[in-house]
1. Against the conditions (1) more than 30 Å from residue A:122 (Cβ to Cβ); (2) more than 9 Å from chain A (Cβ to nearest Cβ), where does residue B:125 fall short? Just the number, please.
2. Considering only residues that are in a loop (DSSP other than H, G, I, E, B) and touching a residue at least 12 places away in the same chain (Cβ under 8 Å), which ones fall in segment B:19-52?
3. Exactly one of (1) loosely packed, with under 14 Cβ neighbours inside 10 Å; (2) of a type outside the set (Phe, Trp, Tyr); (3) touching a Leu at 6+ places or on another chain (Cβ under 7 Å) is unmet by residue A:237. Its number?
4. Residue A:81 passes all but one of (1) crowded, with 20+ Cβ neighbours inside 10 Å; (2) within 21 Å of residue A:4 (Cβ to Cβ); which number fails?
5. If we keep just the residues of segment A:86-97 that are assigned to a helix (DSSP H, G or I) and of a type in the set (A, V, I, L, M, F, W, C), which is farthest from the other protein chains (Cβ to nearest Cβ)?
6. Output the residues belonging to segment A:47-80 that are more than 7 Å from chain B (Cβ to nearest Cβ) and of a type in the set (S, T, N, Q).
7. Which residue out of B:75, B:103 is within 13 Å of the chain's Cα centre (by Cα) and either free of Cβ contacts under 8 Å to residues at least 60 places away in the same chain or in a loop (DSSP other than H, G, I, E, B) (or both)?
8. Quick one: would you say residue B:44 is within 14 Å of chain A (Cβ to nearest Cβ), modelled with pLDDT of 95 or more and more than 24 Å from residue B:215 (Cβ to Cβ)?
Number of protein chains: 2
Amino acid sequence: MADEPYDLWYWPEIPGRGEFVRLALEAGGIAYRDRAREEGSEALVKDMRARLGERPFAPPYLLIGDHCLAQTANILLYLGDHHGVGLSRPYPRCFAHQLQLTIADIVAEAHNVHHPVAMSAYYHDQKAEAARAAKSFRAERMPKFLGYFEAVLSDRGPWLAGERWSYVDLSLFQLIEGLRYAFPRRMKALAPTLPLSLALRDRVAKLPELADYLSSERRIPFNQDGIFRHYPELDGEK
Amino acid sequence: MADEPYDLWYWPEIPGRGEFVRLALEAGGIAYRDRAREEGSEALVKDMRARLGERPFAPPYLLIGDHCLAQTANILLYLGDHHGVGLSRPYPRCFAHQLQLTIADIVAEAHNVHHPVAMSAYYHDQKAEAARAAKSFRAERMPKFLGYFEAVLSDRGPWLAGERWSYVDLSLFQLIEGLRYAFPRRMKALAPTLPLSLALRDRVAKLPELADYLSSERRIPFNQDGIFRHYPELDGEK
């Protein structure tokens, strides 16, 4: 089973939550097939609906032999345990997972900014609400979350949870990239307060293990269908 | 260390996310001290600010000897591994955690209903936005999430992840209780579609392991400061 590539299923058009898993697979040199990028969204929906027993609530999910594993942080915990992209000693392992779940929280809030009142409705049908949500996200939530990761790096750096990079460092990189795409003015204003996080972002961007991937077509650019979206009217220095 | 009670820190006035941890501690017969209920919110804030290294982003957190463990689902995973309130075989264990993270997702969305545009502002300052968010949550998100857990029980019941109750069953109980408090009319309308989930809720409510706790003052009632809040104008049959 270890020799068989894993099957990853995620929406093929956006980086989204799937990208946190892809970064760990790629940096860990773990063989996988990105099934919906080969076969399309309809194949994903069909596959997901056919899964019983360990059914996923939503993509991404990873197939491990006969088993189906969903929830991004849960998949990363598994990959960390089995492929050296996580931590092995018990409490750094728990702490890395704790940080990953905190990244999941800000990712959900970042999505909420452009869809504060109805996930199923279009952005242009909730622009007024989104403007209020963005103001609060920029002024309060971004400094709170990013300041937290900066403080963790101040405690324990240069990596978040161990003596070398782990999946959670890759995820902080992806979070910063997403926030820079969506809120470039705000991220520029916050940059002086985030020296350790931005240095970590730069180190991940230069990891030899990721060089091929980041310059390949496998890396999906951020876009206006994803979790992180750039609407200039939702960005601002404050 | 196993003989020492754990220290749990969570806001003392609300059930909130802390209650998911409390239910597992209580049903598992695991000794703990509920520090902020003994010492107050200010003691919690002071303790949290003093923690470095494995610092929590937010309560609840559990102290395990010298270690600090945060994020509700992460704490439950730990308690499951060490105290028999979870699953021991690998994939039911992963699946239970996956379900717990999905419960965490709907809990965050339930909070978002009454605070869709600013977590830091009062509900009465975002009532119009909350009305839209509630409509979408009731019509789309509640059936989607609750229908998912119902389908899992249809696949694998009568318990969500194993042959006896585990922490994730206690959490589904708490989720249903919270939704019934916040959205009684909507939950009544959905009841015919959720026979297996509601039967699970009733079995958990009658677990001998929880009898003392649920009738004690340690069990904090839902209230208007928590995650699940009852605003009649946000409820409805549809």
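1. Of (1) more than 30 Å from residue A:122 (Cβ to Cβ); (2) more than 9 Å from chain A (Cβ to nearest Cβ), only one is false for residue B:125: (1).
2. B:28, B:29, B:30, B:31, B:40, B:51
3. (3)
4. (1)
5. Looking at residues that are assigned to a helix (DSSP H, G or I) and of a type in the set (A, V, I, L, M, F, W, C), I get A:96.
6. Within segment A:47-80, just A:72 meets the criteria.
7. None of the other options fit; the residue is B:75.
8. Considered against the rule, which asks whether it is within 14 Å of chain A (Cβ to nearest Cβ), modelled with pLDDT of 95 or more and more than 24 Å from residue B:215 (Cβ to Cβ), residue B:44 comes out as no.
The values are calculated or read from the model by the stated rules, or taken from the named source; none is laboratory data. Computed from a prediction, not measured in an experiment: that's the story for all the values here. Virtual Cβ from ideal backbone geometry, glycine too; neighbours counted across all protein chains shown.
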